[in-house]
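What follows is a single structure, written as structure tokens, with notes after it.
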């Protein structure tokens, strides 16, 4: 348990926490101004809307070197839909925006040289056995996907990020490590499918925006257990599922 906590503490960035705190303070101040009449109430539905929520998630992620691409995607998509409330755009503007967004991420992937050694060159529908010596998984897909079957090990969690991509992760040959294990998932226009042993105790704590993350297992175990998996993160225009054979 201590090893898992230390691992994720090292991955988090101080700036990310600062931005999150600033956003909470700003939301509280704006809500107070709306409630007290200092700001016109007709703008409240714009300020507290799902495009602004996307922008907030984008700002939180953009200062983290492991998730800055996710941050850019969220900022671009949230900004696009928010702009429709605040500015005038030609009716055919979306015909230019979405192709431009694809070009932007194509350029990002080139500049990042395939997103370095962490951003594996996955191809859709390719499946292979994958060994996790440390017990942690680090998976990132941009405009692609992966299908992996993890060889026997003690699974301790990790991080999966998909931007316009997907992951299928088969954990049926693994066992959960002792204590609370955390798997962070961030999906933007993407998804994750996780296949686990039927007796795993899993807690899903995902934040979804125009998406969902569901546990599709029948007879999900709920009894207290010394081995648990917590799935945390965000799903924006995407989602995932947990299933067993």
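Residue check, residue 79 against (1) assigned to a loop (DSSP other than H, G, I, E, B); (2) within 30 Å of residue 146 (Cβ to Cβ); (3) at pLDDT 70 or above, all met but one. Which one?
Checking residue 79 against (1) assigned to a loop (DSSP other than H, G, I, E, B); (2) within 30 Å of residue 146 (Cβ to Cβ); (3) at pLDDT 70 or above, the one that fails is (1).
Only one residue in 137, 103 is modelled with pLDDT of 70 or more and either assigned to a loop (DSSP other than H, G, I, E, B) or closer than 29 Å to residue 200 by Cα (or both). Which one?
Details: 103 fails: either assigned to a loop (DSSP other than H, G, I, E, B) or closer than 29 Å to residue 200 by Cα (or both).
Unique residue meeting the criteria: 137.
Can you find even one residue in region 151-168 that is surrounded by fewer than 19 Cβ atoms within 10 Å (Cβ to Cβ), in contact with a strand residue (DSSP E or B) (Cβ under 6 Å, 6 or more places away or on another chain) and part of a loop (DSSP other than H, G, I, E, B)?
Scanning region 151-168, I find at least one residue that is surrounded by fewer than 19 Cβ atoms within 10 Å (Cβ to Cβ), in contact with a strand residue (DSSP E or B) (Cβ under 6 Å, 6 or more places away or on another chain) and part of a loop (DSSP other than H, G, I, E, B), so the answer is yes.
Would you mention how many residues in region 30-49 are assigned to a helix (DSSP H, G or I) and surrounded by fewer than 11 Cβ atoms within 10 Å (Cβ to Cβ)?
Applying the first criterion (assigned to a helix (DSSP H, G or I)) to region 30-49 yields 30-35, 41-47.
Right, trim to surrounded by fewer than 11 Cβ atoms within 10 Å (Cβ to Cβ) and you get 41-42, 45.
Adding up the residues that qualify gives 3.
Can you name every residue in region 179-204 that is at pLDDT below 90 and under 13 Å from the mean Cα position of the chain (by Cα)?
Within region 179-204, 186, 187, 188, 189, 190, 191 qualify.
Quickly run through region 169-182 and pick out the residues that are buried (at least 16 other Cβ atoms within 10 Å of the Cβ) and in a strand (DSSP E or B).
169, 170, 176, 180, 181, 182
When you check residue 210 against the structure, is it in contact (Cβ under 8 Å) with a residue 60 or more places away in the chain and under 17 Å from the mean Cα position of the chain (by Cα), yes or no?
So residue 210 passes the test.
Out of 220, 192, 236, 204, report the one residue that is outside the structural domain of residue 71 (by TED's automatic domain parsing) and in contact with a helix residue (DSSP H, G or I) (Cβ under 7 Å, 6 or more places away or on another chain). Working first, answer last.
Numbers: 220 fails: in contact with a helix residue (DSSP H, G or I) (Cβ under 7 Å, 6 or more places away or on another chain); 192 fails: in contact with a helix residue (DSSP H, G or I) (Cβ under 7 Å, 6 or more places away or on another chain); 204 fails: in contact with a helix residue (DSSP H, G or I) (Cβ under 7 Å, 6 or more places away or on another chain).
Only one candidate qualifies: 236.
Considering only residues that are modelled with pLDDT of 85 or more and either under 25 Å from residue 210 (Cα atoms) or within 24 Å of the chain's Cα centre (by Cα) (or both), which ones fall in region 23-40?
Scanning region 23-40 gives 25, 26, 27, 28, 30, 31.
The values are calculated or read from the model by the stated rules, or taken from the named source; none is laboratory data. Treat the numbers as computed from the prediction; the structure is a model and nothing was measured. Backbone-built Cβ (ideal geometry, glycine too); neighbour counts: all protein chains shown.
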